[in-house]
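S.K.: This is the structure I have questions about; it appears just below.
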Amino acid sequence: MTNLDLVSAAWAARQQAAANYSGYRVGAALLCQSGAVFSGANVESSSYGLSICAERVALFKAISEGERGPFVRIAIAAEGRFTPVPCGACRQLLQDYAPDVEILLSREPGMWETTRLADLLPRPFSSEFLK
Ligand code: ZN
């Protein structure tokens, strides 16, 4: 799967976003080492705090289907004034389950910026603290 394919999968997933309140529609596509791809879109609730981001939907789908990583790459797609980035909660979950994942940030189909979780979350809390 090429980076373009993964970014395209994230844009396709965005079509399923249920962003009824914010209007901020996001798609994500997570590539596993097995070659499987799990997609996600944000799903919002009238009780705002119950909403969940596209990145976590994709990650939870993969984990709940038995994938344990290492996860290779995640593409995140959203239109807006800024290039999309994962929120703090998603950064923590990526740290917990996909710390070495490459992250593709896409503000328009066919275009993306590549980053690493270590750049977005430079001093992470992790399971090491709990030992
Ligand atoms: Zn998030």
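Every residue, every condition in (1) part of a loop (DSSP other than H, G, I, E, B); (2) among the charged types (D, E, K, R); (3) under 19 Å from Gln95 (Cα atoms), yes or no:
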| residue | (1), (2), (3) |
| --- | --- |
| Asp5 | no, yes, no |
| Ala9 | no, no, no |
| Ala13 | no, no, no |
| Gln16 | yes, no, no |
| Tyr24 | yes, no, no |
| Ser34 | yes, no, no |
| Gly40 | no, no, yes |
| Val57 | no, no, yes |
| Ile63 | no, no, yes |
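S.K.: If we keep just the residues of the stretch 41-57 that are in contact (Cβ under 8 Å) with a residue 24 or more places away in the chain and among the β-branched types (Val, Ile, Thr), which is farthest from the ligand (Cβ to nearest atom)?
M.R.: Here the answer is Val43.
S.K.: Something else: Collect the residues in the stretch 42-55 that are buried (at least 17 other Cβ atoms within 10 Å of the Cβ) and in a helix (DSSP H, G or I), keeping them in residue-number order.
M.R.: Ala54, Glu55
S.K.: Looking at Leu105, Leu130, Leu121, Leu31, can you tell me which residue is in contact with an Asp or Glu (Cβ under 6 Å, 6 or more places away or on another chain) and not basic (Lys, Arg)?
M.R.: It is Leu105.
S.K.: Among the listed residues Phe82, Phe60, which satisfies the condition of being of a type in the set (Phe, Trp, Tyr) and within 11 Å of the chain's Cα centre (by Cα)?
M.R.: Phe60
S.K.: Where in the stretch 67-131 are there strands (runs of 3 or more DSSP E), lying wholly inside it, with at least 1 residues that are within 16 Å of the ligand (Cβ to nearest atom) and surrounded by fewer than 18 Cβ atoms within 10 Å (Cβ to Cβ)?
M.R.: Here the list reads 111-116.
S.K.: Could you grab me the full set of residues in the stretch 6-28 that are within 17 Å of Ala62 (Cβ to Cβ) and more than 14 Å from the chain's Cα centre (by Cα)?
M.R.: Of everything in the stretch 6-28, just one residue is within 17 Å of Ala62 (Cβ to Cβ) and more than 14 Å from the chain's Cα centre (by Cα), namely Gln16.
Each value in this text was obtained by applying a stated rule to the coordinates, not by laboratory testing. This is a predicted model, so every value here is computed, not measured. Here the Cβ is made from the backbone with ideal geometry for all residues, glycine too, and neighbour counts use every protein chain on show.
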